[in-house]
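Following: one structure in C-alpha coordinates, then a few remarks.
The values are calculated or read from the model by the stated rules, or taken from the named source; none is laboratory data. Bear in mind that the values here come from a model prediction, so they are computed numbers and not experimental data. Only protein heavy atoms, including side chains, enter the accessible area calculation; ligands, DNA and RNA are left aside. Shrake-Rupley method; radii C 1.70, N 1.55, O 1.52, S 1.80 Å.
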Amino acid sequence: MLQVFIVDDEAPARAELRYLLEQFADVQVIGEAGSGEEAVEQVLGLEPDAVFLDIHLQDRDGVDLGQELLESMVNPPVIIFASAYEIHAVRAFETEAVDYIVKPFSESRLEKTMNRVRKWMLRKESARPLLKAEPSPAENLEERLHSLLQNVLTEQSPRRVPVEKNGKIMLIDPNEIVYATLEGRYASIYTRFEQYASSFTLQELENRLSPHQFFRTHRAYIVNLNKTAELVPWFKGAIHLVMQDQRKTEVPVSRNVVKELKRRLGF
(Lines give C-alpha, C1' and ligand atoms only; values in the text may rest on other atoms or scores of the structure.)
Protein backbone atom coordinates (compact mmCIF):
# COMPACT_ATOMS: atom_id res chain seq x y z
CA MET A 1 0.00 0.00 0.00
CA LEU A 2 1.14 3.51 -0.80
CA GLN A 3 0.79 5.57 2.36
CA VAL A 4 -0.25 9.15 1.58
CA PHE A 5 -0.48 12.30 3.70
CA ILE A 6 -2.52 15.41 2.76
CA VAL A 7 -1.62 19.00 3.69
CA ASP A 8 -4.17 21.74 2.90
CA ASP A 9 -5.59 24.51 5.07
CA GLU A 10 -9.06 24.14 3.52
CA ALA A 11 -11.07 21.26 4.97
CA PRO A 12 -13.29 20.79 1.84
CA ALA A 13 -10.17 20.47 -0.34
CA ARG A 14 -8.70 17.86 2.00
CA ALA A 15 -11.97 15.92 2.04
CA GLU A 16 -12.23 15.96 -1.76
CA LEU A 17 -8.64 14.80 -2.25
CA ARG A 18 -8.98 12.10 0.43
CA TYR A 19 -12.12 10.76 -1.27
CA LEU A 20 -10.43 10.64 -4.69
CA LEU A 21 -7.28 8.99 -3.35
CA GLU A 22 -9.26 6.36 -1.47
CA GLN A 23 -10.71 5.16 -4.78
CA PHE A 24 -7.29 3.64 -5.58
CA ALA A 25 -7.00 0.10 -4.22
CA ASP A 26 -3.30 0.48 -3.41
CA VAL A 27 -3.50 3.89 -1.66
CA GLN A 28 -4.05 4.51 2.05
CA VAL A 29 -4.47 8.06 3.38
CA ILE A 30 -2.75 7.85 6.77
CA GLY A 31 -3.28 11.44 7.88
CA GLU A 32 -3.92 15.05 7.04
CA ALA A 33 -2.98 18.47 8.35
CA GLY A 34 -4.50 21.92 8.05
CA SER A 35 -1.31 23.90 8.72
CA GLY A 36 2.39 23.75 8.00
CA GLU A 37 3.35 23.41 11.67
CA GLU A 38 0.97 20.50 12.15
CA ALA A 39 2.19 18.89 8.92
CA VAL A 40 5.87 18.86 9.90
CA GLU A 41 5.18 17.11 13.20
CA GLN A 42 2.92 14.46 11.70
CA VAL A 43 4.92 13.76 8.54
CA LEU A 44 8.13 13.30 10.53
CA GLY A 45 6.32 10.87 12.82
CA LEU A 46 4.31 8.91 10.25
CA GLU A 47 6.91 8.85 7.43
CA PRO A 48 4.41 8.52 4.54
CA ASP A 49 5.44 7.44 1.05
CA ALA A 50 3.93 10.55 -0.53
CA VAL A 51 2.70 13.96 0.59
CA PHE A 52 0.15 16.06 -1.29
CA LEU A 53 1.13 19.58 -0.27
CA ASP A 54 -0.85 22.74 -0.99
CA ILE A 55 1.43 25.65 -1.94
CA HIS A 56 -0.80 28.29 -0.29
CA LEU A 57 -0.90 27.60 3.44
CA GLN A 58 -1.92 30.28 5.91
CA ASP A 59 1.09 29.81 8.17
CA ARG A 60 3.78 28.57 5.78
CA ASP A 61 4.91 28.76 2.19
CA GLY A 62 4.21 25.27 0.88
CA VAL A 63 7.29 25.10 -1.33
CA ASP A 64 9.55 25.99 1.60
CA LEU A 65 7.77 23.39 3.72
CA GLY A 66 8.33 20.73 1.07
CA GLN A 67 12.03 21.59 0.94
CA GLU A 68 12.25 21.32 4.73
CA LEU A 69 10.71 17.85 4.67
CA LEU A 70 13.08 16.66 1.97
CA GLU A 71 16.12 17.97 3.85
CA SER A 72 15.16 16.77 7.33
CA MET A 73 14.12 13.17 6.63
CA VAL A 74 16.43 10.21 6.05
CA ASN A 75 13.84 8.62 3.78
CA PRO A 76 11.88 11.62 2.46
CA PRO A 77 8.45 11.19 0.90
CA VAL A 78 7.50 11.85 -2.68
CA ILE A 79 6.20 15.43 -2.85
CA ILE A 80 3.22 16.38 -5.02
CA PHE A 81 2.40 20.07 -4.93
CA ALA A 82 -1.17 21.27 -5.39
CA SER A 83 -2.47 24.77 -6.07
CA ALA A 84 -5.33 26.64 -7.66
CA TYR A 85 -2.74 28.52 -9.72
CA GLU A 86 -0.33 27.19 -12.32
CA ILE A 87 2.24 29.97 -11.89
CA HIS A 88 4.15 28.13 -9.14
CA ALA A 89 5.05 25.08 -11.25
CA VAL A 90 8.66 26.09 -11.76
CA ARG A 91 9.19 26.67 -8.01
CA ALA A 92 7.68 23.24 -7.39
CA PHE A 93 10.11 21.72 -9.86
CA GLU A 94 13.06 23.41 -8.14
CA THR A 95 12.05 21.65 -4.92
CA GLU A 96 12.31 18.31 -6.74
CA ALA A 97 8.59 17.64 -6.69
CA VAL A 98 7.48 14.52 -8.50
CA ASP A 99 4.34 16.24 -9.77
CA TYR A 100 2.30 19.43 -9.63
CA ILE A 101 -1.48 19.40 -9.96
CA VAL A 102 -3.93 22.26 -10.31
CA LYS A 103 -7.17 22.44 -8.34
CA PRO A 104 -9.90 21.34 -8.66
CA PHE A 105 -8.60 17.79 -9.00
CA SER A 106 -9.99 15.39 -11.57
CA GLU A 107 -9.96 11.61 -11.30
CA SER A 108 -8.11 11.19 -14.60
CA ARG A 109 -5.42 13.72 -13.69
CA LEU A 110 -4.96 12.22 -10.23
CA GLU A 111 -4.54 8.79 -11.79
CA LYS A 112 -1.62 10.12 -13.84
CA THR A 113 -0.10 11.55 -10.68
CA MET A 114 -0.37 8.25 -8.83
CA ASN A 115 1.22 6.43 -11.75
CA ARG A 116 4.17 8.81 -11.47
CA VAL A 117 4.37 8.13 -7.73
CA ARG A 118 4.34 4.36 -8.29
CA LYS A 119 7.15 4.60 -10.86
CA TRP A 120 9.19 6.78 -8.52
CA MET A 121 8.72 4.34 -5.65
CA LEU A 122 9.81 1.41 -7.84
CA ARG A 123 13.00 3.28 -8.74
CA LYS A 124 13.73 3.88 -5.06
CA GLU A 125 13.25 0.20 -4.27
CA SER A 126 15.25 -1.17 -7.21
CA ALA A 127 18.16 1.26 -6.97
CA ARG A 128 20.25 2.56 -4.08
CA PRO A 129 18.35 4.76 -1.59
CA LEU A 130 17.83 8.19 -3.13
CA LEU A 131 18.84 10.87 -0.64
CA LYS A 132 16.67 13.99 -0.59
CA ALA A 133 14.49 12.68 -3.45
CA GLU A 134 17.46 12.90 -5.83
CA PRO A 135 16.34 12.58 -9.49
CA SER A 136 17.15 9.19 -10.94
CA PRO A 137 19.41 8.97 -14.03
CA ALA A 138 16.44 7.78 -16.03
CA GLU A 139 14.65 11.06 -15.48
CA ASN A 140 17.02 14.03 -15.73
CA LEU A 141 16.19 17.57 -14.69
CA GLU A 142 15.28 18.83 -18.14
CA GLU A 143 12.84 15.96 -18.66
CA ARG A 144 11.25 16.53 -15.27
CA LEU A 145 10.76 20.23 -15.90
CA HIS A 146 9.21 19.57 -19.30
CA SER A 147 6.89 16.97 -17.79
CA LEU A 148 5.77 19.22 -14.93
CA LEU A 149 5.08 22.19 -17.17
CA GLN A 150 3.30 20.01 -19.73
CA ASN A 151 0.99 18.75 -16.98
CA VAL A 152 0.20 22.33 -16.01
CA LEU A 153 -0.49 23.40 -19.59
CA THR A 154 -2.90 20.49 -19.95
CA GLU A 155 -4.77 21.62 -16.84
CA GLN A 156 -5.15 25.18 -18.11
CA SER A 157 -7.95 24.22 -20.47
CA PRO A 158 -11.21 25.95 -19.43
CA ARG A 159 -13.36 24.04 -16.95
CA ARG A 160 -17.12 24.27 -16.80
CA VAL A 161 -18.62 25.64 -13.62
CA PRO A 162 -21.67 23.79 -12.23
CA VAL A 163 -24.53 26.14 -11.36
CA GLU A 164 -28.18 25.76 -10.40
CA LYS A 165 -31.32 27.41 -11.78
CA ASN A 166 -34.95 26.34 -11.43
CA GLY A 167 -33.93 23.08 -9.81
CA LYS A 168 -31.62 22.10 -12.66
CA ILE A 169 -27.84 21.76 -12.60
CA MET A 170 -26.13 23.36 -15.61
CA LEU A 171 -22.51 23.71 -16.66
CA ILE A 172 -21.43 27.13 -17.86
CA ASP A 173 -18.22 28.31 -19.49
CA PRO A 174 -16.18 30.47 -17.06
CA ASN A 175 -15.81 33.03 -19.86
CA GLU A 176 -19.56 33.70 -19.60
CA ILE A 177 -19.29 34.80 -15.98
CA VAL A 178 -19.45 38.58 -15.55
CA TYR A 179 -19.14 38.61 -11.76
CA ALA A 180 -19.96 36.60 -8.65
CA THR A 181 -21.04 37.79 -5.25
CA LEU A 182 -21.54 36.28 -1.84
CA GLU A 183 -25.21 35.86 -0.95
CA GLY A 184 -25.56 34.10 2.37
CA ARG A 185 -22.96 31.35 2.60
CA TYR A 186 -22.61 30.59 -1.10
CA ALA A 187 -21.72 32.50 -4.25
CA SER A 188 -24.28 33.68 -6.76
CA ILE A 189 -22.96 33.82 -10.31
CA TYR A 190 -24.06 36.41 -12.85
CA THR A 191 -23.67 36.18 -16.61
CA ARG A 192 -24.79 38.89 -19.01
CA PHE A 193 -28.48 37.98 -18.79
CA GLU A 194 -28.82 35.36 -16.04
CA GLN A 195 -28.29 34.81 -12.33
CA TYR A 196 -27.36 31.36 -11.02
CA ALA A 197 -27.01 29.82 -7.58
CA SER A 198 -23.96 27.73 -6.75
CA SER A 199 -22.78 25.35 -4.04
CA PHE A 200 -19.40 27.10 -3.80
CA THR A 201 -18.23 29.58 -1.23
CA LEU A 202 -16.67 32.63 -2.84
CA GLN A 203 -13.20 31.33 -1.93
CA GLU A 204 -13.90 27.94 -3.50
CA LEU A 205 -15.19 29.62 -6.66
CA GLU A 206 -12.13 31.85 -6.81
CA ASN A 207 -9.94 28.74 -6.61
CA ARG A 208 -11.69 27.29 -9.67
CA LEU A 209 -11.31 30.39 -11.82
CA SER A 210 -8.25 31.62 -13.67
CA PRO A 211 -6.33 34.23 -11.63
CA HIS A 212 -5.30 35.85 -14.90
CA GLN A 213 -8.91 36.55 -15.85
CA PHE A 214 -10.76 36.93 -12.54
CA PHE A 215 -10.04 39.34 -9.69
CA ARG A 216 -11.27 39.55 -6.09
CA THR A 217 -12.29 43.22 -5.81
CA HIS A 218 -13.92 42.92 -2.41
CA ARG A 219 -14.50 40.27 0.25
CA ALA A 220 -17.92 39.68 -1.33
CA TYR A 221 -17.15 40.08 -5.07
CA ILE A 222 -15.15 38.44 -7.85
CA VAL A 223 -15.18 40.03 -11.31
CA ASN A 224 -14.23 38.89 -14.79
CA LEU A 225 -11.67 41.49 -15.87
CA ASN A 226 -12.67 40.92 -19.49
CA LYS A 227 -16.25 41.95 -18.65
CA THR A 228 -15.58 45.37 -17.10
CA ALA A 229 -17.02 48.45 -18.80
CA GLU A 230 -15.74 51.42 -16.76
CA LEU A 231 -14.29 52.61 -13.46
CA VAL A 232 -16.29 55.03 -11.34
CA PRO A 233 -14.48 57.08 -8.62
CA TRP A 234 -16.06 56.63 -5.20
CA PHE A 235 -15.51 57.99 -1.71
CA LYS A 236 -12.06 58.31 -0.08
CA GLY A 237 -10.08 56.75 -2.88
CA ALA A 238 -12.34 53.77 -3.45
CA ILE A 239 -13.80 52.99 -6.87
CA HIS A 240 -16.65 51.01 -8.36
CA LEU A 241 -16.46 48.85 -11.47
CA VAL A 242 -19.33 48.97 -13.94
CA MET A 243 -19.80 45.48 -15.35
CA GLN A 244 -21.01 44.37 -18.78
CA ASP A 245 -24.13 42.57 -17.63
CA GLN A 246 -27.56 43.70 -18.76
CA ARG A 247 -28.10 45.77 -15.59
CA LYS A 248 -24.67 47.48 -15.76
CA THR A 249 -24.05 46.41 -12.17
CA GLU A 250 -21.65 48.50 -10.10
CA VAL A 251 -19.25 46.33 -8.10
CA PRO A 252 -17.35 47.85 -5.16
CA VAL A 253 -13.56 47.74 -5.09
CA SER A 254 -11.80 47.79 -1.73
CA ARG A 255 -9.25 50.59 -1.38
CA ASN A 256 -6.46 48.16 -0.57
CA VAL A 257 -6.73 46.45 -3.99
CA VAL A 258 -7.34 49.54 -6.18
CA LYS A 259 -3.68 49.85 -7.15
CA GLU A 260 -3.40 46.19 -8.15
CA LEU A 261 -6.68 46.33 -10.06
CA LYS A 262 -5.54 49.34 -12.06
CA ARG A 263 -2.30 47.54 -12.85
CA ARG A 264 -4.21 44.48 -14.04
CA LEU A 265 -6.41 46.65 -16.24
CA GLY A 266 -3.39 48.44 -17.72
CA PHE A 267 -3.71 51.81 -15.95
Area of Glu38 that stays accessible when all protein chains are in place (1.4 Å probe, Å², to 10): 80
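Among Lys236/Lys262; Lys168/Lys227; Lys227/Lys248, which pairs are too far apart, with a Cα-Cα distance over 18 Å?
Working: Lys236/Lys262 16 Å; Lys168/Lys227 26 Å; Lys227/Lys248 10 Å.
In this structure, Lys168/Lys227 lie more than 18 Å apart at Cα.
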Accessible area (Å², 1.4 Å probe, nearest 10) - Phe215: 20
Relative contact order of segment 10-72, pairs being alpha-carbon contacts under 8 Å that are 6 or more residues apart, as %: 25
Vicinal HN-Hα couplings computed from phi for segment 4-21 (Karplus, 6.51 cos²θ - 1.76 cosθ + 1.60; Hz; Gly/Pro x): 10, 10, 10, 10, 7, 7, 10, 4, x, 5, 5, 5, 5, 5, 4, 4, 5, 5
Amide H partners (placed H, <5 Å) of Val27, local residues excluded: Leu2
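Probe of 1.4 angstrom, ligands and nucleic acids ignored: what's the accessible area per residue over segment 176-230, in square angstrom? Could you put the intermediate results ahead of the total?
Working: 2580 Å² over 55 residues.
That works out to 47 Å² for each residue.
Under a 1.4 angstrom probe, counting protein chains only, how are Lys236, Lys227, Lys103, Lys248 ranked by accessible area, largest first?
Values: Lys236 175, Lys227 60, Lys103 20, Lys248 115 Å².
If we order Lys236, Lys227, Lys103, Lys248 from most to least accessible, we get Lys236, Lys248, Lys227, Lys103.
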Computed accessible area, Arg263, all protein chains, 1.4 angstrom probe, square angstrom: 140
Proximal lysines to Lys124, defined as alpha-carbon separation beneath 25 angstrom and excluding residues fewer than eight positions away on the same chain: Lys112, Lys132
Table column - 3J(HN,Hα) (Hz), segment 113-125, Karplus curve with 6.51, -1.76, 1.60, x for Gly and Pro: 4, 5, 5, 5, 4, 4, 5, 5, 5, 5, 5, 5, 7
For segment 174-267, convex hull volume per residue from C-alpha positions, Å³: 94
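Using a 1.4 angstrom probe on the protein heavy atoms only, could you order Arg14, Arg160 from most to least accessible area? Could you put the intermediate results ahead of the total?
On the way: Arg14 40, Arg160 135 Å².
Output order, biggest surface exposure first: Arg160, Arg14.
So for Tyr186, Tyr100, Tyr221, Tyr19, what's the accessible-area order with a 1.4 Å probe, most first? All intermediate terms of the calculation are to be shown ahead of the outcome.
Numbers: Tyr186 90, Tyr100 0, Tyr221 55, Tyr19 135 Å².
Listed by decreasing accessible area, they come as Tyr19, Tyr186, Tyr221, Tyr100.
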Distant-in-sequence amide H partners of Glu183 (H built 1.01 Å from N, under 5 Å): Ser188
Long-range HN-HN contacts of Arg60 with modeled amide H, under 5 Å: Gly36
